[in-house]
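Report on one structure; see the data block that follows.
The values are calculated or read from the model by the stated rules, or taken from the named source; none is laboratory data. No experiment lies behind these values; they were computed from the predicted model shown. All Cβ positions, glycine included, derive from the backbone under ideal geometry; neighbour counts span all protein chains shown. Each accessible area value is taken on the protein alone, full model and side chains, heavy atoms only, with ligands, DNA and RNA left out. Shrake-Rupley method; radii C 1.70, N 1.55, O 1.52, S 1.80 Å.
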Amino acid sequence: MKKIFIFCLLTLLTIKMAYAHNPLSATYYLEVKQELGILNVSVSQAGFQEALNKHYPEVEFDKLSAIEYKKLAVDYIKGNFNLTVNGNQVQLLNGGLKLGDHQTDLKFITSDLPDAFNTLAINIDAFKENEHHQTVFSLSLNGVSDKVILSEKNNYGTSVEFEDSKMIAKKESFNTKYLWFFTAIPVIIVGKKLFSSQKDS
């Protein structure tokens, strides 16, 4: 019985580690504290390097110093992150990078955030160079955590609204400027019938 328990525990840990270092996924976790946002990014080292190689094919990475590499990596994350809250652009400010054997972690402070979140639009193009990549964008707001999945299916972007600090899919508004077309159809049909009956008589 003890051997079975140990086997199950090792299996679960292996699966968890494999998911954490999945080269086809990245996690972006935005924690909102009052008007300050802290963005944590985690991605496998292999997936990150593959994306950088494809994005900067002219760069010889083995010849870069540690400082040059970190600057390039931070610039790549910043340049492929687009967040708007309540229609206002949110910028990534000071940031740092920590390279691990299997995983790379980055942390950024954002520009000021509003007191209340009404709408949010997020687009993260980073790592789309890696085929079948997906990004999990998580938000912690007023003690409520929620997430959306960004992938090829939604072009690595989505828009949401908020209800009790929880993200919900944005409702598509119906374009009323085309209503005249639908109301005009029965008028045209009735007018045509009246004109035909008058012509026949």
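All conditions but one from (1) under 30 Å from LYS170 (Cβ atoms); (2) without any contact (Cβ under 8 Å) to a residue 60 or more places away in the chain; (3) open to solvent by 20 Å² or more (accessible area, probe 1.4 Å) apply to GLN49; the one that does not is (1). When restricted to residues that are of a type in the set (Gly, Ala, Ser) and touching a strand residue (DSSP E or B) at 6+ places or on another chain (Cβ under 7 Å), the range 70-86 contains 1.
Suppose the filter is closer than 20 Å to LEU139 by Cβ and open to solvent by less than 20 Å² (accessible area, probe 1.4 Å); does SER42 pass it? Spelling it out, it is not the case that SER42 is closer than 20 Å to LEU139 by Cβ and open to solvent by less than 20 Å² (accessible area, probe 1.4 Å). Looking at the structure I just gave you, is ASN118 under 14 Å from the mean Cα position of the chain (by Cα), farther than 25 Å from LYS71 by Cα and either exposed (fewer than 13 other Cβ atoms within 10 Å of the Cβ) or of a type in the set (Lys, Arg) (or both)? No: the conditions fail for ASN118.
Take the range 52-99 and flag every residue that is open to solvent by less than 40 Å² (accessible area, probe 1.4 Å) and part of a strand (DSSP E or B). Correct list: PHE81, LEU83, THR84, VAL85, VAL90, LEU92, GLY96, LEU97. Among the residues of the range 55-107, those identified as among the aliphatic types (A, V, I, L, M) and closer than 15 Å to LEU30 by Cβ are ILE77, LEU83, VAL85, VAL90, LEU92, LEU93, LEU106. Among residues of the range 20-39 being open to solvent by less than 40 Å² (accessible area, probe 1.4 Å) and small (Gly, Ala, Ser), the one that is farthest from ILE149 (Cα to Cα) is GLY37.
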